[in-house]
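**Q** Sending over a structure as structure tokens; questions will come in a sec.
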Amino acid sequence: MDPSSSSSSSALGMGSVDPRLRHFIEVETQKQRFQQLVHQMTELCWEKCVDKPGPKLDNRAEACLVNCVERFIDTSRFIVKRLEQTQKSKAGFSESLSD
């Protein structure tokens, strides 16, 4: 199983692993996800905002990059919040079924 596909240590089959090792793996997985996010954002915003690379960004490209990054962050936060809400509502629904 790919460690980046789940943040749950039990889903990774690490129930009997040293807690320090488990913590290290979780931290490294978070770092990897963050790096992937930065790479996606960089690629997306660069393609959208920079027509011709040169020694210096013009004002339009700089403003576009700032706006693009801010929208990317806003969108990412929205998606994470929405997924958390969905998980909570599913957990509440399954708990009410078991009562």
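**Q** Which one, Val69, Leu57, Val80, projects farthest toward the positive side of the charge dipole computed for segment 47-90 from Cβ point charges (K/R +1, D/E -1)?
**A** Checked the options; the winner is Val80.
**Q** Here's a follow-up. Under a Cβ-Cβ cut-off of 12 Å, what is the net charge of the residues other than Phe24 that fall near it, where Lys and Arg count +1 and Asp and Glu count -1?
**A** The answer is 0.
**Q** Give me the percent of accessible area attributable to carbon and sulfur for segment 28-76, probe 1.4 angstrom.
**A** Numbers: 2230 of 3980 Å².
Accessible surface attributable to carbon and sulfur in segment 28-76 totals 56 percent.
**Q** Here is a follow-up. For Gln35, what charge total do you get from the other residues with a beta carbon under 13 Å from its beta carbon, if Lys and Arg give +1 and Asp and Glu give -1?
**A** Working: positive: Lys31, Arg33; negative: Glu28, Glu43.
Net of charged neighbours comes to 0.
**Q** Continuing with the same structure: Cross-link candidates for Lys90: which lysines have Cα within less than 21 Å, leaving aside residues fewer than 8 places away along the same chain?
**A** The reachable lysines, counting only those whose Cα sits under 21 Å from Lys90, are Lys81.
**Q** Where does each of 48-54, 37-43, 64-70 land if you order them by average Cβ count within 10 Å, highest first?
**A** Numbers: 48-54: 11.1, 37-43: 12.7, 64-70: 14.9.
Put in order of decreasing packing, that is 64-70, 37-43, 48-54.
**Q** Something else: Could you sort 56-63, 23-30 so that the peptide with the highest average Cβ count within 10 Å comes first and the rest follow in order?
**A** Working: 56-63: 11.8, 23-30: 13.2.
The most tightly packed comes first, giving 23-30, 56-63.
**Q** Using the heavy atoms of the protein chains alone and a 1.4 angstrom probe, what is the accessible area of segment 20-99 per residue in square angstrom?
**A** Values: 7080 Å² over 80 residues.
Normalised by residue count, the accessible surface of segment 20-99 is 89 Å².
The values are calculated or read from the model by the stated rules, or taken from the named source; none is laboratory data. Predicted, not measured: the structure shown is a model, and the values here were computed from it. So basically every Cβ, Gly included, is an ideal-geometry build from the backbone, and we count neighbours across all protein chains shown. In case anyone asks, the SASA skips ligands and DNA or RNA and just uses the protein heavy atoms, side chains included. Shrake-Rupley method; radii C 1.70, N 1.55, O 1.52, S 1.80 Å.
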